[in-house]
Amino acid sequence: MLWKGRRESDNVEDHRGGGGGGKLIGGGIGAIIIAVIVYFLGGDPQQVLQQVNSMQPQTQSSQPYQGTAEEEEAKHFVKTILAETEDVWGKIFADMGETYTEPNLVLFSGADQSGCGGASSAMGPFYCPEDSKVYIDLSFYDELKNRFHAPGDFTMAYVVAHEVGHHVQHLMGISEKVHQMRSRLSEAEYNKLSVKLELQADFFAGVWAHYTATKGIVEPGDIDEALNAANQIGDDRLQQRSQGRIVPDAFTHGTSEQRMRWFKKGFETGDIKQGDTFNATEL
């Protein structure tokens, strides 16, 4: 992806090494959270954060965080991608006669506090609707490359675009409607709604990629990187890898095939009207 030299977003808070970052205490619970990340990639923080709220971060050093050269490049990349999402969604909302409210993106290391509760690097990236912020520990990209076999800079871009997709859902009132139904549904029924919510966020990530590609900064192979990432983190593949069997009723994000299909549909059409996963006859 030809991203260097492009505008970087100012809506980034760097909490690495402080401001709530650091290692978490409570080892037994931490081990559970690490297991959860295999299942809840970029998931609903309302579900995952309940397991983290009881953990408190250790006292932080007042020394400025010193990231590696690789981390610093990743930081600038993420800031650039966030700026690209601002441009794309700002225009889409303007074309609809609406104003796009830009989200903040929080970079943290180890642990932090969000409007939804405690945040842990073991949870992976997530969007918190309570404070309209995306939370990312940059070490997650190493997880994508090494554990989930999804390397490449556009894989990183897809992760940011997916979480920003949740912000778009929040602005449209979609995610709130889904969360309000949670108490009235069984776990299996709510999981089905969660799948539709996540697949729509994948679709919105594809819409972003569609318009970004028109700027000439998307290189050959970039879209394949995003599709590979969607394939690697489908519920069926993650379940098979972690527990040796597939339990469809426990799906929360969709199968690999579904995630790839909806991202690709968003990329090919660029039309948000075609992303109604909730009324689709086939996911």
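Do you know which residues across the range 137-148 are assigned to a helix (DSSP H, G or I), of a type in the set (D, E, K, R) and crowded, with 17+ Cβ neighbours inside 10 Å?
Listed by number, the list holds a single entry, Glu143.
Please indicate, with yes or no, whether at least one residue in the range 241-258 is within 22 Å of Glu282 (Cα to Cα), among the hydrophobic types (A, V, I, L, M, F, W, C) and crowded, with 20+ Cβ neighbours inside 10 Å.
yes
Would you mind finding the one in Ala94, Ala119, Ala83 that is surrounded by fewer than 23 Cβ atoms within 10 Å (Cβ to Cβ) and touching an Asp or Glu at 6+ places or on another chain (Cβ under 6 Å)?
Only one candidate qualifies: Ala83.
Go through the range 262-283 and give me each residue that's touching a Gly at 6+ places or on another chain (Cβ under 9 Å) and of a type outside the set (Ser, Thr, Tyr).
Trp262, Phe263, Lys264, Lys265, Gly266, Phe267, Glu268, Gly270, Ile272, Gln274, Gly275, Leu283
Restricting the first residue to the range 246-268 and requiring it to be assigned to a helix (DSSP H, G or I), which pairs with a second residue that is among the basic types (Lys, Arg) meet a Cβ separation below 6 Å and a spacing of at least six or different chains?
Ser256/Arg237
For every residue, the table says whether it meets (1) of a type in the set (Ser, Thr, Tyr); (2) surrounded by 23 or more Cβ atoms within 10 Å (Cβ to Cβ); (3) assigned to a loop (DSSP other than H, G, I, E, B).
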position: Tyr135; (1), (2), (3): yes, yes, no
position: Ala150; (1), (2), (3): no, yes, yes
position: Phe154; (1), (2), (3): no, yes, no
position: Gln169; (1), (2), (3): no, no, no
position: His179; (1), (2), (3): no, no, no
position: Ser183; (1), (2), (3): yes, no, no
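No value in this document is a laboratory result; all are computed from the given coordinates. These numbers come from a predicted model, not from an experiment. So basically every Cβ, Gly included, is an ideal-geometry build from the backbone, and we count neighbours across all protein chains shown.
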